[in-house]
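Contents: one structure, followed by commentary.
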Amino acid sequence: MLGEGEDWLSDISIEMEPEDGIISVYGLGEDCTPAFTDFGIENLRQIIQTHREDLQSPAETQSDGA
């Protein structure tokens, strides 16, 4: 849906709080899966954009200094 890898999305969604639109869905036992409200998906898109910008910034700085 977001065109990103599941592991990476899991890593960056750790910084989200329930008020950001993420909830934990529990199955049998103590295992849980994160789930997102519509608001949570929009927040996750913003986090993806921020992380991509952060990843691009150091590369641009290094190429400008060379």
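FYI, it's all coordinate maths here, none of it is from the lab. Keep in mind the model is a prediction, meaning the values are calculated, not measured. In this analysis, Cβ positions are derived from the backbone assuming ideal geometry, glycine residues included, and neighbour counts consider all displayed protein chains.
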Among I22, C32, G3, the residue whose Cα sits farthest towards the positive end of the charge dipole of the chain, when +1 is placed on the Cβ of each Lys and Arg and -1 on the Cβ of each Asp and Glu, is G3
Here P(r) for the chain, Cα-Cα distances in 5 Å bins, as whole percents, is 4, 14, 22, 20, 14, 10, 7, 4, 3, 1, 1
For V25 and E6, extending 7 Å from Cα along the Cα-Cβ vector and measuring point to point gives, in nm, a value of 1.3
Helix 38-65 sits off the longest principal axis of the Cα atoms of the chain, rounded to the nearest 10 on a 0 to 90 degree scale, by 20
